[in-house]
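The values are calculated or read from the model by the stated rules, or taken from the named source; none is laboratory data. Worth saying up front: this structure is predicted, and the values here are computed from it rather than measured. Cβ coordinates were reconstructed from backbone atoms using ideal geometry, including for glycine residues, and neighbour counts include every protein chain displayed.
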Amino acid sequence: MFGKLGFIGAGKMGGAVARRLATGGFEVHVHDLDPAAVQRCVDAGAVAAGSASAAVKDAEVVFTSLPMPEHVLTTWTRLAPELAEGASAVDVSTIDPGTVEQAAAAVGEYGHPFVTCALGKTPAAAEDGAIPLFVGGPGEAVSALRPLFERIGETTHEFESAGAAAMFKLISNLIGMTNVAVLAEGYVLARAAGITPEQFSAALADTGASSFQSQVRLPWLVAGDFEARFGVELAAKDVRLALDAGARQGIASPVAAQGLAQLLSAIAHGHGGEDAVAVAKVLDPQGRLLGSAGNETADE
């Protein structure tokens with residue numbers, strides 16, 4: 001059994017993972033800039049840490065779940081000297097392989113392994129441990145951490161390195177978020193053609209066009225529910241990171257680039273804080289086809 005676990009970043013996915021560990025009997029010390037996010041974890045059995053350093057102190061394993069690559073790198077660079085002897089660093093954020101390499105070097109300088117444990121699916125699924133994990137890092141460290149991974153998710157896909165696991169997660173989001181953009185186009189086109197939401201949903205589910213995104217996000221789109229389970233801004237960040245990583249390898253992704261353009265357009269129209277499926281609003285700015293809900297912005 002593990003001793004103290006440190007957890008830095010308790011947003012939608014990070015908070016779900018921290019709570020999952022806490023309800024599994026692990027001693028999880030959580031730090032986040034948002035006190036309410038920490039309290040939700042405390043309510044599940046975690047311990048509030050007053051600072052990142054407090055979360056790290058004497059922890060056997062330290063997790064980070066942060067929104068941007070620069071946050072991850074800055075955090076690990078600062079905290080690496082504070083890690084306890086024998087501690088492992090685990091990042092569950094969605095970041096690029098270059099940042100992973102830099103963070104691993106910062107942690108490795110003090111003799112600690114760095115492991116990527118990228119997360120799939122949604123916050124609701126993460127609360128139930130019903131998510132896939134994309135894991136990579138030093139073999140011995142990954143093996144030692146397996147009991148934690150088994151509590152966090154239902155399937156662990158292992159890659160040869162922390163960077164490869166991070167890259168796969170970016171590729172997954174590139175495919176998924178581009179799919180959301182196309183799904184939004186198809187739905188708006190169907191509504192313009194007089195096809196009802198019910199007809200579209202039922203028929204699409206019986207075709208090769210059905211996908212995880214249509215199963216999960218189409219009902220939200222039909223209901224005008226744009227609460228950010230995975231926001232437009234984060235989706236755009238991930239697709240951009242994937243495109244940039246591909247470009248560095250000489251690989252173009254023109255279809256995904258168009259998907260990114262739609263996400264950026266949604267941000268420009270004030271929908272950055274809404275769920276990724278809000279890209280549909282750009283296609284129907286007056287709400288003629290989506291209804292009044294489709295013309296609301298995150299600020300209204």
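For this structure, a couple of remarks:
- Matching residues in region 164-207 - criterion: being of a type in the set (A, V, I, L, M, F, W, C), part of a helix (DSSP H, G or I) and surrounded by fewer than 15 Cβ atoms within 10 Å (Cβ to Cβ): L189, A192, A202, A203
- Among the criteria (1) surrounded by 20 or more Cβ atoms within 10 Å (Cβ to Cβ); (2) touching an Asp or Glu at 6+ places or on another chain (Cβ under 9 Å); (3) not basic (K, R), the one G270 does not fulfil is (1).
- Region 143-161: number of residues that are in a loop (DSSP other than H, G, I, E, B) and within 20 Å of I171 (Cβ to Cβ): 3
- Yes/no for R217 being more than 22 Å from the chain's Cα centre (by Cα), surrounded by 13 or more Cβ atoms within 10 Å (Cβ to Cβ), in the same structural domain as G259 (by TED's automatic domain parsing) and not aromatic (F, W, Y): no
- Any chance A278 is under 30 Å from M167 (Cα atoms), among the aliphatic types (A, V, I, L, M) and within 18 Å of the chain's Cα centre (by Cα): yes
- Residue-level analysis places A37 among those that are part of a helix (DSSP H, G or I), surrounded by fewer than 24 Cβ atoms within 10 Å (Cβ to Cβ) and under 19 Å from the mean Cα position of the chain (by Cα).
- A89 vs. criteria farther than 29 Å from E160 by Cα, of a type outside the set (S, T, N, Q), modelled with pLDDT of 95 or more and assigned by TED's automatic domain parsing to the domain that holds P147: no
- Only residues that are in contact with a Ser or Thr (Cβ under 9 Å, 6 or more places away or on another chain) and under 24 Å from P35 (Cβ atoms) were counted across region 58-77, and they come to 12.
- Filter result (farther than 23 Å from A166 by Cα and touching a residue at least 24 places away in the same chain (Cβ under 8 Å)) within region 199-222: S214, V216, R217, L218, W220, L221, V222
- Residue in region 243-253 that is over 22 Å from T99 (Cβ atoms) and β-branched (V, I, T) present: no
- A252 vs. criteria touching a residue at least 60 places away in the same chain (Cβ under 8 Å), out of contact with any Asp or Glu (no Cβ under 8 Å at 6 or more places or on another chain) and either surrounded by fewer than 19 Cβ atoms within 10 Å (Cβ to Cβ) or under 29 Å from C117 (Cα atoms) (or both): no
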